[in-house]
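Colleague: If you scroll down you'll find the structure; I have some questions about it.
The values are calculated or read from the model by the stated rules, or taken from the named source; none is laboratory data. Note that the coordinates shown come from a computational prediction; the quantities given were computed from them, not determined experimentally. Don't worry about glycine lacking a Cβ; one is built from the backbone with ideal geometry, like all the others, and counts go over all protein chains shown. What goes into the accessible areas is simple: the full protein's heavy atoms, side chains included, and nothing from ligands, DNA or RNA. Shrake-Rupley method; radii C 1.70, N 1.55, O 1.52, S 1.80 Å.
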Amino acid sequence: MADLNAISNTLIKGDAGNLTSQVKAALDEGTAASEILNKALIPGMDVVGERMENGDMFIPEVLMSAKAMSAALGILKPLLTDEESKSAGRIIIGTVKGDLHDIGKNLVAMMLESAGFEVVNLGVDIAPEAFVEAVKEHQPNLIGLSALLTTTMTQMQKTVDALKESGLRGQVKILVGGAPVTEKFAQEIGADGYAPDAGSAGKLARSLT
Ligand code: B1M
């Protein structure tokens, strides 16, 4: 049986090389990709967050863990895909202006793909006007906004407002998420839905289209 604690610890150390080997070994032993994600990698990133908050880990170390996490997600991505659902619609997703966190957003993008959506991933630090331009260009059914900082949550409101001002708000449903975001906040800014995690984002997106 795979040692999920060891995988968490390797992620916390930011050792991408060993982490990818351990993840591959766990898969070879028959551990489900979702189990590795939910029981080793996400709890590992939570520890990184706690240590960052307490001043026990600094940005360069956190970045190493983040890079290791991305490498592990690259291995798991094809395995988390659910082939049953196809062409649920098109969704544009991005992390809002001023915010560089992309691990959770990329995980949500993966889950949306696996829920059958065509995903246009704009990346990080996306200004409201850039979301508006992307809606004009890609004509999506949905937009997904991610924010990890309390200071950047306000950009979600600005993005909703920019879509209203451009006359495009009626064409797209807006889904928001990220650690500081809540259902109440989503309602306050006039979004159509809030998902607390990547798994529920896929389900919610399907229910909105
Ligand atoms: Co940042 N950071 N960070 N950081 N960082 C947090 C978010 C923080 C909580 C850490 C802490 O202090 N405990 C704190 C925010 C405090 C606050 O505002 N409340 C913080 C801070 C302060 C900062 C800086 C300001 C630090 C500094 O420079 N002094 C700085 C800001 C940079 C910027 O963005 N402008 C900063 C920088 C960084 C790094 C660059 C070093 C790195 C990011 C690397 C990267 O993403 N490529 C980093 C990291 C890694 C973190 C923590 C440790 C981990 C985030 C993560 O990837 N989690 C984080 C602490 C924490 O969250 N525990 C922290 C794993 C990921 C799977 O979860 O992103 O929550 P999460 O995504 C979840 C859900 O939120 C949800 O689904 C995902 C999967 O289930 N979700 C959505 C996310 N988006 C969604 C969208 C949806 C639906 C659901 O619909 C569209």
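Colleague: Arrange the residues 209, 31, 150, 159 by how much accessible surface each exposes, largest first, with a 1.4 angstrom probe.
Modeller: Result of the area sort, largest leading: 150, 209, 31, 159.
Colleague: Residue 184: which aspartates and glutamates have alpha carbons under 18 Å from its alpha carbon, excluding same-chain residues fewer than 8 sequence positions away?
Modeller: In chain and number order, the partners are 161, 192, 197.
Colleague: Rank 32, 147, 68 by mean-square fluctuation in a GNM of the chain with C-alpha springs under 10 angstrom and give only the top-ranked residue.
Modeller: Per the Cα network of the chain with a 10 Å cutoff, 32 tops the list.
Colleague: I'd like to compare 38-48, 19-29: which one has the highest average count of other Cβ atoms within 10 Å, and what's the full order after that?
Modeller: The packing order, highest mean first, is 38-48, 19-29.
Colleague: While we're on this one: Just to be sure I understand: with springs between alpha-carbon atoms less than 10 Å apart, which residue in 79, 145, 175 has the highest mean-square fluctuation in the Gaussian network model of the chain?
Modeller: Top of the fluctuation ranking is 79.
Colleague: If the viscosity is 1.002 mPa s and the temperature 20 °C, what translational diffusion coefficient in µm²/s does Stokes-Einstein give for the stretch 89-208 when Rh comes from Kirkwood over Cα pairs?
Modeller: Taking Rh from Cα pairs, D becomes 159 µm²/s.
Colleague: What size of dipole, in debye to the nearest 20, comes out for the stretch 1-118 about its Cα centre when the only charges are +1 on Lys and Arg C-beta atoms and -1 on Asp and Glu C-beta atoms?
Modeller: In total the dipole reaches around 300 debye.
Colleague: Under a straight-distance cross-link criterion of Cα-Cα below 17 Å, which aspartates and glutamates are reachable from residue 24, leaving out those fewer than 8 residues away in the same chain?
Modeller: Correct list for residue 24: 3, 15, 35.
Colleague: Could I ask something else about it? Quick one: pull the percentage of alpha-carbon pairs in the stretch 30-125 with a separation above 19 Å.
Modeller: That fraction is 49 percent.
Colleague: Can you tell me the dipole magnitude for the chain around its Cα centre, using point charges on the Cβ only (Lys, Arg +1; Asp, Glu -1), in Debye to the nearest 20?
Modeller: Computed about the Cα centre, the dipole is about 420 debye.
Colleague: Then there is this: Using only the alpha carbons of the chain, determine the length spanned along each of the three principal axes and report them from longest to shortest in whole angstroms.
Modeller: Its Cα atoms span 53, 43, 27 Å along the three principal axes.
Colleague: To continue, here is another question. As I understand it, the dipole of the chain uses +1 on the Cβ of Lys and Arg and -1 on the Cβ of Asp and Glu, about the Cα centre. Which of 37, 26, 78 lies farthest toward its positive end?
Modeller: Looking along the dipole axis, the top candidate is 78.
Colleague: For a quick check of understanding: with a 1.4 angstrom probe and all protein chains in place, what accessible area in square angstrom does residue 52 have, to the nearest ten?
Modeller: Counting only protein heavy atoms, the figure is 80 Å².
Colleague: With each label point set 7 Å from Cα along the Cα-Cβ vector, what nm distance links residue 133 and residue 24?
Modeller: Spacing of the two 7 Å Cα→Cβ label points: 4.0 nm.
Colleague: Then there's this: Using Cα pairs under 8 angstrom and six or more residues apart, how large is the relative contact order of the stretch 27-171, in percent?
Modeller: Relative contact order of the stretch 27-171: 22 percent.
Colleague: On to the next question. Kindly write out, for the stretch 3-13 in residue order, the coupling ³J(HN,Hα) from the Karplus curve 6.51 cos²θ - 1.76 cosθ + 1.60 (θ = phi - 60°), rounded to whole Hz, with x marking Gly and Pro.
Modeller: Karplus-based 3J(HN,Hα) across the stretch 3-13 equals 8, 5, 5, 5, 5, 4, 5, 5, 5, 4, 6 Hz.
Colleague: Hey, any idea what % of the chain's accessible area is carbon plus sulfur with a 1.4 Å probe?
Modeller: 52
Colleague: Let me ask something else. With every protein chain present, what is the per residue accessible area of the stretch 33-174 (1.4 Å probe, Å²)?
Modeller: Per-residue accessible area for the stretch 33-174 comes out at 48 Å².
Colleague: Which cross-chain or sequence-distant (5 or more) residues have an amide H under 5 Å from the amide H of residue 173, H modelled 1.01 Å from N in plane?
Modeller: 142, 143
Colleague: Can you show me the helix-derived [θ] at 222 nm for the chain, built from DSSP H runs with n ≥ 4 at -39,500 (n - 2.57) apiece and divided by the number of residues, rounded to the nearest 500.
Modeller: Result for the chain: -17000 deg cm²/dmol, rounded to the nearest 500.
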